[in-house]
1. At 10 °C and 1.306 mPa s, what whole-number value in µm²/s does Stokes-Einstein give for the translational diffusion of region 90-166, with Rh from the Kirkwood sum over Cα pairs?
2. Stretched out fully, how many nm does the piece from residue 287 to residue 31 gain, at 0.36 nm a residue minus the Cα gap?
3. As an exercise, identify the GluC sites (Glu not before Pro) in region 119-171 lying in DSSP coil whose Cβ has no more than 11 other Cβ atoms within 10 Å.
4. Taking every pair of Cα atoms in region 31-262, average 1/r, invert it to obtain the Kirkwood radius, and report Rg/Rh to two decimals.
5. What is the dipole size for the chain, taken about its Cα centre, with +1 at each Lys and Arg Cβ and -1 at each Asp and Glu Cβ, in debye to the nearest 20?
6. List, in order, the whole-Hz ³J(HN,Hα) value for each residue of region 168-181 obtained from phi through the Karplus relation with A = 6.51, B = -1.76, C = 1.60 and θ = phi - 60°; use x for Gly and Pro.
7. Straight-line reach from residue 97: which aspartates and glutamates fall under 18 Å, measuring Cα to Cα and dropping same-chain residues less than 8 apart?
8. Relative to the present Cα-Cα distance, how much length would full extension add between residue 278 and residue 172 at 0.36 nm per residue of separation?
Amino acid sequence: MPRFAYNVGVRIYMDYAATTPTDPRVLEAMRPYFTEVFGNASSVHSFGQEARAAVDRARRTLAEALGCQPSEVVLTSGATEADNWAVVGVALAHEAKGRHLVVSSVEHRAVLEPARWLASRGWEVTFLPVDRHGRVDPDDVRRALRDDTVLVSVMHANNEVGTVQPVAEVARVARERGVLVHTDATQTLGALPVRVDELGVDLLSASAHKRYGPKGVGLLYVRRGVRVEPLLRGGSHERGRRAGTENVPAIVGFGKAVELALADREAEQARVRALRDRLVCGLLELEGAVLTGHPSERLANNAHLCFEDVESESLLLALDLRGVAASSGSACTAGSLEPSHVLRAMGVPRELAAGALRLTLGRWTTQAEVDAAVELVREAVAELRRALPRARSTARG
Ligand SMILES: *Cc1c(COP(=O)(O)O)cnc(C)c1O
């Protein structure tokens, strides 16, 4: 495996759910498309046709990964665009049927915010509850469906706590009622099997930079025949569904990243899972540490814990000072003292949610890093608790 600066330095990167470094092999595959093969993929001349061929190859790789036709893969600027487009594009295209959407309450904000925007424009949105592990109950989906429901959106796996959703069951329930289903598979493509027919979904979002590809490129799978109103209008790129000159190097990188991930998926997941289990074991030995999320139905690389009597932002800073890059779980709520919407939906008590810590591992994580991280978290937590105005942790029996 190629090595990275942070691997040999003193810093430990444990925020792979936020983004991943571009794999050097991906970068190599991308390189010629900045300078030698720089044509506009829409041009008729040979420069353009070389670029077009590269985009087509990448699209075929992505389609094979998803088990769909290349024509069903629309390349976007990332998962945020794909999520926005799925929600708003389906809503606008199916207004004649109704103005009701069903989304889970633990979705990424790239799904929640467009749903809320539609709600502010007269659509009705049902936010599905989750259990204490963060799972949606397909029976709740059944109860939420109405004759005027146009879309159900339930993510494949949650980016904060790593919980994997029963997407296939949710999709079965929705499709019995003729309702379209979208899933945000940004955290799972290349980690879990993501086959659109097995999942039974009509739309699916993914992003390259969560799987060792470049930032700023993603896709929306749109099942053949499903109508989605374009959000970007202009040229006839992507069969008139998404205007804009193709980001050829990024698209090539996305294809390469997914190809690499699938070639080694099971071995890589097993390796990362073993490291994650070691990490969780070590951290649960700390006093007042609670594992959040699902005990088994979770991403192999995700460790999410809450620490009693610790404030998340302070913990992240204390860890950063010690060279450990971690997250509270939600990049979007960073800087605010509000508990994450995911932990709130799971019913995690406010005081506990305030001490959230997400450590996510990846391709370059080593056992030495895991062992060092456990020690550094132990140190940081102890330091913060010593500084508490009231030493509640010592008062506990
Ligand atoms: C990162 C992420 C997104 C946003 O993807 P971008 O490509 O960064 O816009 C959406 N959904 C989930 C679940 C994510 O983890």
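Quick note: the coordinates plus some simple rules give every number you see, no bench work behind them. Quick caveat: nothing in here was measured; it's all calculated off a predicted structure. Cβ atoms come from the backbone with ideal geometry, glycine included; neighbour counts cover every protein chain shown.
1. Value of D from the Cα-based Kirkwood radius: 124 µm²/s.
2. Contour length minus the Cα-Cα distance gives 87.3 nm.
3. Passing both the DSSP loop test and the Cβ count: no residue.
4. Here Rg/Rh amounts to 0.98.
5. 420
6. 4, 5, 4, 5, 4, 4, 5, 6, 4, 9, x, 9, 5, 10
7. Here the aspartates and glutamates satisfying the reach criterion relative to residue 97 are 124, 147, 148, 176, 202, 229.
8. Extra length available between residue 278 and residue 172 comes to 34.5 nm.
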